Amino acid sequence: MVEGQVGEFTEQSPLIKEISAGKEVFWENPAYLKAEEANRHTKYSMKDIEDVEARLQRFASYIQIAFPETQKMEGIIESELMEIPSMRNWLNEVNEETIQGKLWLKRDDLLPISGTIKARGAIYEVLKHAETIALEQGMLNSIEEDYAIFASDEFKAFFAQHHIAVGTTGNLGISVGTMGSKLGFNVTVHMSVEAKQWKKDYLRSKGVKVIEHDTNFSKAVEQGREESNANPNSYFVDDEHSEELFLGYTVGGYRMKKQLDKKGIKVDENHPLFVYLPCGIGGSPSGITFGMKQAFGDHVHCIFAEPTKMPSMLVGLDSRLYDEISVEEIGLGGLTVADGLAVPRTSGLVAKLMHNYFSAGYSIKDDIFRQLLFNLYDKETIFLEPAAVAGLVGPQRLLGSEAGKHYIQRHHLTNKLSQATHIAWATGGSMVPEENKKTFLKEGQSVSEQLI
Ligand SMILES: *Cc1c(COP(=O)(O)O)cnc(C)c1O
């Protein structure tokens, strides 16, 4: 951003002052629009979601062969929705604000193949790329063929002549690396300083080339992009600009319609749905939100959650500078326990696109992540990685903050809260090694007595 602009803007916005002081905030989005109106401002539509769903269906026969654990779901990568009443009770005990209605956890931590929400966007993007070059170069005659053929030795030999690269804090690399190398691609993963050692080890064990950078996420992506662009045979999965990642996530939001229906959960004018989404660069919360908005319109309220050290979406949206501002420019940054959300600069593509769709956003401190992680395990025996717990305090942040209360009033939701459904999106955790789990739990226990 332009020199001098930052100072000007922190003076203008009281919220940015609080954010730059490292405080937790809850932000009501002043640009929020009714779904129908928001839809008129974007080039994406239901058609895009249908296109993604159709492609994933085409690949289902291949996925079942490549990853036998997906057979019971017939090659479709999807997760369960689970009620967490004990966690809800605990949250209500330690907070002034009582969650009315039910609290659910969307178990993307259990997604097959890579155990994080990235399995939606990243695997989709790799599959789309594989399909594109297979069609272009005559390996595949038409999209009517049985895609089980992607598991053949001929296809593997074909993809072995191609490269895929990605820059990541870790989890995106795991999804791209696992899917890419299974198809036969040469995959290079550029890791930022946040990336955990076990993620590097895991990828190397899959035959993926891991390059460690001594820099933050934005710089690792930049270096990865440069290196990949120098090779005409290399495709770069670009977390900062990828349309395909975004589209891959949308299906996860849209499919909730059927999932909630099946559980008999009503979503309508008198039964609001609140969804709390951990946010890093913004691709996954944006895609899920877009899909949800197409499914439920104004009856769903999507709220993103970030660490106080890296509130890149909050800062990008509140300033309307999107990706032209980094949290480092307002004195934040550094390591956060929520490594999956350690992104200093949001994606311009999704931030601009989603500015009218998000209802609100909030930030939480590292100790809150630790505390939620421990207590979810303690009350429900569910282990999530730190980034993935961010949504669990969403209801209380919404109901307990001035900005949140204002949102509730403005949308006439006060009398409907007892019939509300709250969903915290659990974005990862099942792949964390035992050793690391123990450390996280211990850290969480040591702060678990403080009030959240
Ligand atoms: C990547 C990630 C997120 C956030 O997704 P973005 O697309 O970066 O916003 C949340 N939780 C986990 C565990 C992740 O790996």
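The values are calculated or read from the model by the stated rules, or taken from the named source; none is laboratory data. The shown structure was predicted, so the numbers you read here are calculated from the model rather than taken from an experiment. Glycine gets a Cβ as well: all are built from the backbone with ideal geometry, and neighbour counts include every protein chain shown. With ligands, DNA and RNA removed, areas are computed over all heavy atoms of the protein, side chains included. Shrake-Rupley method; radii C 1.70, N 1.55, O 1.52, S 1.80 Å.
Meeting the requirement of 2 or more residues that are open to solvent by less than 10 Å² (accessible area, probe 1.4 Å) and closer than 22 Å to Arg107 by Cα, the helices (runs of 4 or more DSSP H) wholly within region 319-408 are 366-380, 394-400. When region 86-119 is filtered for residues that are within 16 Å of the ligand (Cβ to nearest atom) and either assigned to a helix (DSSP H, G or I) or without any contact (Cβ under 8 Å) to a residue 24 or more places away in the chain (or both), the ones remaining, listed by number, are Asp108, Asp109, Leu110, Lys118, Ala119. Would you point out which residue out of Lys200, Lys196 is surrounded by fewer than 21 Cβ atoms within 10 Å (Cβ to Cβ), over 15 Å from Tyr62 (Cα atoms) and within 14 Å of the ligand (Cβ to nearest atom)? Only one candidate qualifies: Lys196. Against the test of being closer than 17 Å to Lys34 by Cα and β-branched (Val, Ile, Thr), the options Thr336, Thr308, Thr289, Thr346 yield a single qualifying residue, Thr289. May I ask you to say which residue of Glu244, Glu269 is away from the ligand (no atom under 14 Å from the Cβ) and acidic (Asp, Glu)? Every option except Glu269 fails the conditions. Exactly one residue among Lys266, Lys257 is assigned to a helix (DSSP H, G or I), of a type in the set (Lys, Arg), at pLDDT 95 or above and open to solvent by 20 Å² or more (accessible area, probe 1.4 Å), and that residue is Lys257.
Scanning region 170-177 turns up no residue that is surrounded by 24 or more Cβ atoms within 10 Å (Cβ to Cβ), closer than 22 Å to Val52 by Cβ, away from the ligand (no atom under 16 Å from the Cβ) and in contact (Cβ under 8 Å) with a residue 12 or more places away in the chain.
Just wondering, is there one or more residues in region 58-81 that are open to solvent by 20 Å² or more (accessible area, probe 1.4 Å) and under 30 Å from Thr414 (Cα atoms)? The answer is yes, given that some residue of region 58-81 is open to solvent by 20 Å² or more (accessible area, probe 1.4 Å) and under 30 Å from Thr414 (Cα atoms).
Restricting Ala403, Ala420 to those that are under 20 Å from Pro285 (Cβ atoms) and touching a Pro at 6+ places or on another chain (Cβ under 9 Å) reduces the list to Ala420.
Could you check, for region 206-224, whether at least one of its residues is assigned to a helix (DSSP H, G or I), over 21 Å from Phe150 (Cα atoms), within 16 Å of the ligand (Cβ to nearest atom) and of a type in the set (Val, Ile, Thr)? Looking through region 206-224, at least one residue is assigned to a helix (DSSP H, G or I), over 21 Å from Phe150 (Cα atoms), within 16 Å of the ligand (Cβ to nearest atom) and of a type in the set (Val, Ile, Thr). Just for region 128-169: of the residues that are within 16 Å of the ligand (Cβ to nearest atom) and among the polar types (S, T, N, Q), which one is surrounded by the most Cβ atoms within 10 Å (Cβ to Cβ)? The extreme case among them is Thr168.
Exactly one residue among Gln409, Gln419 is more than 14 Å from the ligand (Cβ to nearest atom), of a type in the set (S, T, N, Q) and without any contact (Cβ under 8 Å) to a residue 60 or more places away in the chain, and that residue is Gln409.
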